[in-house]
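Undergrad: Shown below is the structure under consideration.
Just so it is clear, none of the values below were taken in a lab; they were calculated from the coordinates. Note that the coordinates shown come from a computational prediction; the quantities given were computed from them, not determined experimentally. Quick reminder, even Gly has a Cβ in these numbers, built from the backbone with ideal geometry, and neighbours come from all protein chains shown.
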Amino acid sequence: MKIYVFILFLFLPLFLNGQSPDSTVYKLLDPYYFHLNFLITEPSLLIDVREPFEYRRRRLADAINIPVSRNIDRTVDTIDANTILFLYCTTESRSSWMATKLYQKGFKEIYLLKGGITYWRKEGYPTKRGRLKRKNKK
C-alpha cells in the first residue's frame, strides 16, 4: 500500500505541471503553457501591468503596457470584452489584482503568468529590452 502512495506522489506533479489550481477569476499558467496559449488563442491581448519604467527595461515580445497605477476604466473601454487577456507583472501579485478588476469589468477569460516575468526569465524564455520606437508624426 505504501508503495502505491509513493508512486502516486511521484507522478502526480507530472499531471499537474501545466497549471496551478484555477480561481473563478483567472487561470494561472506556467511560462510554457502561458506562451503556448497566447500563441494559439484569438482574439487575445498580452498585457504587462507593471510601471512604464519596468516595461522599458525588460518585457515579453508583443506585450502592451497597461500599468495597475493607471485608471483602467478608460483603457478597458477600448478593449472588446470577448478578448482573451494574458497578464503578467514581476511576480504575479499586481497581475492578480488587475485580473480581479478586469473580471469585474466583464472580461471572463483571463490568464496569468505564474511567477511573473521573474519566473519567465528563470525558465530561459526570451525578453525584449530597451526603448520603444515611436512612429514619426507628420
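Undergrad: Give me a comma-separated list of calculated 3J(HN,Hα) values for segment 95-110, in order, Karplus coefficients 6.51, -1.76, 1.60 applied at θ = phi - 60°, integers in Hz, x for any Gly or Pro.
TA: Calculated HN-Hα couplings, in order: 5, 5, 5, 5, 4, 4, 5, 5, 4, 5, 8, x, 7, 10, 10, 10 Hz.
Undergrad: What nm value, rounded to one decimal, do you get for the distance between Arg121 and Thr100 when each label is placed 7 Å out toward the C-beta?
TA: About 2.7 nm separates the two model spin labels.
Undergrad: In a shell of Cβ-Cβ distance under 11 Å around Leu46, excluding Leu46 itself, what net charge do Lys and Arg (+1) and Asp and Glu (-1) give?
TA: My count for the surroundings of Leu46 gives -1.
Undergrad: Residue by residue through segment 37-49, which ³J(HN,Hα) values in whole Hz follow from phi under the Karplus form 6.51 cos²θ - 1.76 cosθ + 1.60 (θ = phi - 60°), with glycine and proline marked x?
TA: Going residue by residue, I get 5, 5, 5, 9, 9, 10, x, 9, 9, 9, 10, 8, 9 Hz, with x marking Gly and Pro.
Undergrad: Using modelled backbone amide H atoms (1.01 Å from N, in-plane), which distant-in-sequence or interchain residues come within less than 5 Å of Leu28's amide H?
TA: Amide H to amide H, under 5 Å and 5 or more residues apart or across chains, Leu28 pairs with Ser20, Ser23, Leu112.
Undergrad: Taking amide hydrogens as modeled 1.01 Å from N in the peptide plane, which residues meet the under 5 Å criterion relative to Glu109, leaving out close sequence neighbours?
TA: Answer set, sorted by chain and number: Leu85.
Undergrad: While we're looking at this one, here's another question. Count the net charge of all other residues whose Cβ sits under 10 Å from the Cβ of Ile72, scoring Lys and Arg as +1 and Asp and Glu as -1.
TA: Net charge around Ile72: +2.
Undergrad: Please compute the net charge surrounding Cys89, taking Lys and Arg as +1 and Asp and Glu as -1 over other residues with Cβ under 9 Å from its Cβ.
TA: Net charge around Cys89: -1.
Undergrad: Can I ask one more? Ile64 to Thr24: extension gain in nm, 0.36 nm per residue of separation minus the Cα-Cα distance?
TA: Gain in length upon complete extension: 11.9 nm.
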